[in-house]
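Novice: The structure under discussion is supplied below as structure tokens; questions concerning it will follow.
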Amino acid sequence: MNRYPLWKNLLIGLVLLWGLIYTLPNFYGEVPAVQVSSAKATLKLEPTTVTDRLANALKQAGIEHDGIFADATSVRARFASTDLQLRAKDAIERAFNPNAQDPSYVVALNLLSASPSWLTSIHALPMYLGLDLRGGVHFLLQVDMPGALAKRLDATTGDLRTLMRDKNVRHAGITREGNTVVVRFRDTAQREAGRKAIQDSTQDLQLADRDDAADDVKLIATLTAQAQKTMRDFAIKQNITTLHNRINELGVAEPVIQQQGADRIVVQLPGVQDVAKAKDILGRTATLEVRMVDDSPGLLEQAIAGNVPFGTELYNERGGSPLLVKKQVVLTGDRLTDAQPGFDGQTNEAAVHLTLDAAGARIFRDVTRESIGKRMAILLIEKGKGEVVTAPVIRSEIGGGRVQISGRMTTAEANDVALLLRAGSLAAPMEIIEERTVGPSLGAENITKGFHSTLWGFVAIAIFMTAYYMLFGFVSSVALAANLLLLVALLSLLQATLTLPGIAAMALTLGMAIDANVLINERIREELRNGATPQAAIAAGYDRAFDTILDSNITTLIAGIALLVFGSGPVRGFAVVHCLGILTSMFSAILVSRMLINFIYGRRRKVESLAIGQIWKPGNN
Amino acid sequence: MEFFRIKKDIPFMRHALVFNVISFVTFLLAVFFLATRGLHLSVEFTGGTLVEVSYAEAPQLEPIRQALAAQGYPDAQVQNFGSARDLLVRLPNRDDLDTTGVSEKVMGTLKAVAGPAPELRRVEFVGPQVGKELASDGAMALLLVIVGIVVYLAIRFEWRFAVSAIIANLHDVIIILGFFAFFQWEFSLPVLAAVLAVLGYSVNESVVVFDRVRETFKKKRNLATPQVLDHAITSTISRTIITHGSTQVMVLSMLLFGGETLHYFAMALTIGICFGIYSSVLVASPLVMWLGASREQFVKPKKEKEEAVV
């Protein structure tokens, strides 16, 4: 009477087999590997050709490899020892990046699972370990959206000025005031002309009138909500792309760069120990701005005396004299497509060659044509502080979008500046608001600690259950082991990040999961105590306990889901494992244990007694 | 083996008032300590910088403190962490501090101090804006758990059960926090996770008892509500003790093998489990009784047959 239909047994068997297969890769450990991925956003990696090149490069260098694996974004080769791995890295680096100044590929050291390739081919991978277990750096960066908005409005101010001039609309000044751009007119007729010109050219601005006096009428322009949203989205995307490029310079094997919330970016660099360098590269939130220098006589002296004229800012030129720079931005780094270090053709000085996009080239041509003989300043804005990289005199109109900056630079500085500019200037400044570094020894220790807690806790529970409930307790322990197996398999399959709190959740889930089996076993005892036959007691025990198990698991799950929704970092790691564990425990505690009990007792015609430990009846003593 | 050989239902409800008074006093004490001492919040909540280093041999703390003070960190807390060879340096956030470079500067200072060379184990820097969010997210999570559990229990059982379960278990949460306030243990994110997990876990305990209550109401028509509760608690007590014992074994294993990181996590769970048993059984059940749970709420009245005589 206690028999599962064949399909149910098969299904449970298949699920357990699946669990076993996907748990397997976790036992193999890791081997050294070298990973090749694209260093440029524009360069798509062709897995097949890269694989061939990689194999050739290793063959020429005479280095044995243990297999090459390719996926959409990277190609990895495994090696027998770290010694071979290091030699291979050099060989691959030479083959893939002949020009070390401008690498097209990131060649990084990595660790790969040592599991056989048939497991890898069905995507059975080991669990994805979090930074607290493998060591590395975690950053949370906040994008300065108000800063980005202010910058955008400054650019708008310049655009409007150009527009008014092109359309022959006479205005009495255009300024940014807070989050608005104010356009002044002498009379309403000009204002109407101005309004029409603006509305014809852009939909991003919302216009409102303000009349302060008969001859001082104004248009107040604000960015529409839609435009602001687009700007925010663009700023964060641009920053993420830029971070990708910068981190590629670090040569990290598996960096994680993700948006978190509306204005934050998470950067995780597993295995990176040199935090200072990582931070240096990330923290260089440099933006490039081209502005005009105000060389009007007397103004500079006035500014140095502490009275900076309206619409200008005082800066120090790199290693040079102070300089008065207009606030209005001619060009920003967004218009920059490339920056390369090099040398001036005539003076042989170190120089940086910039390439601008079409719009940038046009603006640059116009500006240089109108300002021959004047100076323009190229500013690098880092964390809100500007530095004038150079302030060259414009000798002639510069068309075609190719610009060269030279003067007072060493070769190393030119390299530095080019790298910063090339890596893309960020759309909006960013600030590190959270940092977590875990050394490799602590990571390994955390794994051992987590593993030991789970192991010894499990052993203790298994011993107690078997002693207390005999055969039924043993079956419960097997079901608990099945739960662990399925949980690990599920985590491996989902590649959910396992952290130390995650391991703690695993242990805790096991400790809680045994509840279901205790409930069942107690029910069976109770049924026996009330005089039910063994077979009936098993059936009734499982049936009656089911409702309770369901109710209690759902309440626990509610807490788990709340943690998942509102938790971040360690709490989230805990919650993921906790929730998954509750689901697997329902399966194993009810179905797996029942299947085993059915195999043991279900087929027998006559069962005299159940090995569930002593059944004490109130009437017996 | 059979630990629990109970002949008659234990009259728990006769002492209901005593249990609740004990629990109320503990609760008040917890609130008192929370109010007077406050929680020792970890760097995740307060914001600041934490650097953990390990030495080959135990370093002298005083020169390290002096070196850090000389570098402009007079408010640095330097203490041993776990063993004498491990060191924890904590720095609060200050407005005038260049936050991004702190950890490097601290490491540099530690390396410059004469004596054994430090090995970097862990750095945590949390900006001021993150900490506040974590606290509000934690509060939101707690709220969601409470609402979720009350709604679920109200649907599955009855509102009286839902309210009693949540009152009994929230007071567990306050008691755990009270312990953390009294001993000034560090309250970190994993501890918060543990507290919320305990909330789900001890409600689960009440659910098991309530399930029995519902069943007994349906089965035994001659019992009054207190007797029904006594019967339900008595017949589940064996399971209660064994389950919690097993969970506690696991938590104990974490306490023994889990190291410093899991220490307070396991501590919160231990307190939660002990008080969870007490409150969900001996506090929630009397509350149900006083709120006026009765058989009629579970047994649907039989429809009277209306036969028409033609």
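The values are calculated or read from the model by the stated rules, or taken from the named source; none is laboratory data. Bear in mind the structure is a predicted one, so any value in this text is a computation, not a measurement. No Cβ is skipped: glycine too gets one built from the backbone with ideal geometry, and neighbour counts run over all protein chains shown.
Novice: Name, by its number, the condition in (1) facing chain B (nearest Cβ under 7 Å); (2) crowded, with 22+ Cβ neighbours inside 10 Å that does not hold for A:N521.
Specialist: (1)
Novice: Take the stretch A:569-586 and flag every residue that is over 26 Å from A:S476 (Cβ atoms), at the interface with chain B (Cβ under 7 Å from one of its Cβ atoms) and either in contact with an Asp or Glu (Cβ under 7 Å, 6 or more places away or on another chain) or not aliphatic (A, V, I, L, M) (or both).
Specialist: Correct list: A:G569, A:P570.
Novice: Name the single residue, out of those in the stretch B:257-274 being over 13 Å from the mean Cα position of the chain (by Cα) and of a type in the set (A, V, I, L, M, F, W, C), that is surrounded by the most Cβ atoms within 10 Å (Cβ to Cβ).
Specialist: Going through the stretch B:257-274, the residues over 13 Å from the mean Cα position of the chain (by Cα) turn out to be B:257-263.
Next, only the ones that are of a type in the set (A, V, I, L, M, F, W, C) stay: B:257, B:262.
Numbers: B:F257: 20, B:L262: 25.
It comes out as B:L262.
Novice: In the stretch B:189-231, which residues are of a type in the set (G, A, S) and surrounded by 24 or more Cβ atoms within 10 Å (Cβ to Cβ)?
Specialist: Residues satisfying the conditions are B:A193, B:A194, B:A197, B:G200, B:S202, B:S206.
Novice: Hey, another quick one. Going by the conditions given, is A:M470 at the interface with chain B (Cβ under 10 Å from one of its Cβ atoms), at positive phi and part of a helix (DSSP H, G or I)?
Specialist: Working: at the interface with chain B (Cβ under 10 Å from one of its Cβ atoms): yes; at positive phi: yes; part of a helix (DSSP H, G or I): yes.
Yes: the conditions hold for A:M470.
Novice: Yes or no: A:F546 surrounded by fewer than 19 Cβ atoms within 10 Å (Cβ to Cβ) and within 13 Å of another protein chain (Cβ to nearest Cβ)? Before you say what the answer is, go through the steps one by one.
Specialist: On the way: surrounded by fewer than 19 Cβ atoms within 10 Å (Cβ to Cβ): yes; within 13 Å of another protein chain (Cβ to nearest Cβ): yes.
Answer is yes for this residue.
Novice: Could you list all residues from the stretch A:133-167 that are in a helix (DSSP H, G or I) and of a type in the set (G, A, S)? Write out each step before concluding.
Specialist: Taking the stretch A:133-167 and keeping what is in a helix (DSSP H, G or I), we get A:133-134, A:145-166.
If the condition is that a residue be in a helix (DSSP H, G or I) and of a type in the set (G, A, S), then A:G147, A:A148, A:A150, A:A155, A:G158 are the ones that fit.
Novice: Mind checking which residues of the stretch A:328-373 are in a loop (DSSP other than H, G, I, E, B) and either over 28 Å from A:E177 (Cα atoms) or modelled with pLDDT under 75 (or both)?
Specialist: Just the residues of the stretch A:328-373 that are in a loop (DSSP other than H, G, I, E, B), to begin with: A:344-349, A:357, A:371-373.
Once the filter is applied, which keeps residues that are in a loop (DSSP other than H, G, I, E, B) and either over 28 Å from A:E177 (Cα atoms) or modelled with pLDDT under 75 (or both), the stretch A:328-373 yields A:D344, A:G345, A:Q346, A:T347, A:N348, A:E349, A:D357, A:I372, A:G373.
Novice: Output the number of residues of the stretch A:202-252 satisfying the condition of being more than 24 Å from A:E177 (Cα to Cα) and surrounded by 13 or more Cβ atoms within 10 Å (Cβ to Cβ).
Specialist: Applying the first criterion (more than 24 Å from A:E177 (Cα to Cα)) to the stretch A:202-252 yields A:236-252.
Cutting the leftovers down to surrounded by 13 or more Cβ atoms within 10 Å (Cβ to Cβ) gives us A:236, A:238-252.
The qualifying residues number 16.
Novice: Please determine whether any residue of the stretch A:16-30 is in a strand (DSSP E or B) and within 19 Å of A:S115 (Cβ to Cβ). Before you say what the answer is, go through the steps one by one.
Specialist: Filtering the stretch A:16-30 down to residues in a strand (DSSP E or B) leaves A:30.
Among the residues that remain, those that are also within 19 Å of A:S115 (Cβ to Cβ) are: A:30.
Yes - at least one qualifying residue is present in the stretch A:16-30.
Novice: Is one or more of the residues making up the stretch B:221-233 within 13 Å of chain A (Cβ to nearest Cβ) and over 17 Å from the mean Cα position of the chain (by Cα)?
Specialist: Yes: one or more hits.
Novice: What is the residue count in the stretch A:215-227 for residues that are of a type outside the set (K, R) and assigned to a strand (DSSP E or B)? Talk me through it step by step, then tell me what you get.
Specialist: First, the residues of the stretch A:215-227 that are of a type outside the set (K, R): A:215-217, A:219-227.
Remaining after also requiring assigned to a strand (DSSP E or B): A:216-217, A:219-223.
Matching residues across the stretch A:215-227 total 7.
Novice: Taking the condition at pLDDT 90 or above and at the interface with chain B (Cβ under 10 Å from one of its Cβ atoms), does A:V459 pass?
Specialist: Working: at pLDDT 90 or above: yes; at the interface with chain B (Cβ under 10 Å from one of its Cβ atoms): yes.
Considered against the rule, which asks whether it is at pLDDT 90 or above and at the interface with chain B (Cβ under 10 Å from one of its Cβ atoms), A:V459 comes out as yes.
Novice: Here's something else I'd like to know. May I ask you to verify whether B:A114 is small (G, A, S), touching a Pro at 6+ places or on another chain (Cβ under 9 Å) and either more than 20 Å from B:G200 (Cβ to Cβ) or in contact (Cβ under 8 Å) with a residue 60 or more places away in the chain (or both)? Full working, then the answer.
Specialist: Working: small (G, A, S): yes; touching a Pro at 6+ places or on another chain (Cβ under 9 Å): yes; either more than 20 Å from B:G200 (Cβ to Cβ) or in contact (Cβ under 8 Å) with a residue 60 or more places away in the chain (or both): yes.
Spelling it out, B:A114 is indeed small (G, A, S), touching a Pro at 6+ places or on another chain (Cβ under 9 Å) and either more than 20 Å from B:G200 (Cβ to Cβ) or in contact (Cβ under 8 Å) with a residue 60 or more places away in the chain (or both).
Novice: Would you call B:V173 among the hydrophobic types (A, V, I, L, M, F, W, C), surrounded by 19 or more Cβ atoms within 10 Å (Cβ to Cβ) and within 9 Å of another protein chain (Cβ to nearest Cβ)? Steps first, answer last, please.
Specialist: Working: among the hydrophobic types (A, V, I, L, M, F, W, C): yes; surrounded by 19 or more Cβ atoms within 10 Å (Cβ to Cβ): yes; within 9 Å of another protein chain (Cβ to nearest Cβ): no.
Considered against the rule, which asks whether it is among the hydrophobic types (A, V, I, L, M, F, W, C), surrounded by 19 or more Cβ atoms within 10 Å (Cβ to Cβ) and within 9 Å of another protein chain (Cβ to nearest Cβ), B:V173 comes out as no.
Novice: So, of the residues in the stretch A:325-351 that are within 28 Å of A:L300 (Cα to Cα) and of a type outside the set (G, A, S), which turns out to be nearest to the chain's Cα centre (by Cα)?
Specialist: So in the stretch A:325-351, the residues within 28 Å of A:L300 (Cα to Cα) come out as A:325-333, A:351.
Now drop any that are not of a type outside the set (G, A, S), which leaves A:325-332.
On the way: A:V325: 37, A:K326: 37, A:K327: 35, A:Q328: 34, A:V329: 32, A:V330: 33, A:L331: 30, A:T332: 26 Å.
The selected residue is A:T332.
Novice: Still on this structure, I have one more. For the stretch A:152-196: of the residues being surrounded by fewer than 17 Cβ atoms within 10 Å (Cβ to Cβ) and of a type in the set (A, V, I, L, M, F, W, C), which is modelled with the highest pLDDT?
Specialist: Among those residues, the one meeting the criterion is A:V182.
Novice: Which residue, of A:A589, A:A536, A:A540, is part of a helix (DSSP H, G or I) and either within 11 Å of another protein chain (Cβ to nearest Cβ) or surrounded by 23 or more Cβ atoms within 10 Å (Cβ to Cβ) (or both)? If you could, list the steps in order and put the result at the bottom.
Specialist: On the way: A:A536 fails: either within 11 Å of another protein chain (Cβ to nearest Cβ) or surrounded by 23 or more Cβ atoms within 10 Å (Cβ to Cβ) (or both); A:A540 fails: either within 11 Å of another protein chain (Cβ to nearest Cβ) or surrounded by 23 or more Cβ atoms within 10 Å (Cβ to Cβ) (or both).
The conditions single out A:A589.
Novice: Residue by residue through the stretch B:236-265, note down the ones that are closer than 22 Å to A:A513 by Cβ, within 9 Å of chain A (Cβ to nearest Cβ) and either in contact (Cβ under 8 Å) with a residue 60 or more places away in the chain or in a loop (DSSP other than H, G, I, E, B) (or both).
Specialist: Result: B:S238, B:I242, B:G258, B:L262, B:F265.
Novice: If you go through the stretch A:482-505 one residue at a time, do you hit one that is under 20 Å from B:M250 (Cα atoms), within 14 Å of another protein chain (Cβ to nearest Cβ), over 33 Å from the mean Cα position of the chain (by Cα) and among the small types (G, A, S)?
Specialist: No, every residue in the stretch A:482-505 fails to be under 20 Å from B:M250 (Cα atoms), within 14 Å of another protein chain (Cβ to nearest Cβ), over 33 Å from the mean Cα position of the chain (by Cα) and among the small types (G, A, S).
Novice: Tally time: how many residues in the stretch B:116-159 are more than 9 Å from chain A (Cβ to nearest Cβ) and of a type in the set (D, E, K, R)?
Specialist: Total meeting the criteria: 2.
Novice: Hey, another quick one. Residues that are polar (S, T, N, Q), without any contact (Cβ under 8 Å) to a residue 60 or more places away in the chain and touching a strand residue (DSSP E or B) at 6+ places or on another chain (Cβ under 6 Å): does the stretch A:241-255 have at least one?
Specialist: So in the stretch A:241-255, the residues polar (S, T, N, Q) come out as A:241-242, A:245, A:248.
Within this subset, residues satisfying the condition of being without any contact (Cβ under 8 Å) to a residue 60 or more places away in the chain are none.
Looking through the stretch A:241-255, none of the residues is polar (S, T, N, Q), without any contact (Cβ under 8 Å) to a residue 60 or more places away in the chain and touching a strand residue (DSSP E or B) at 6+ places or on another chain (Cβ under 6 Å).
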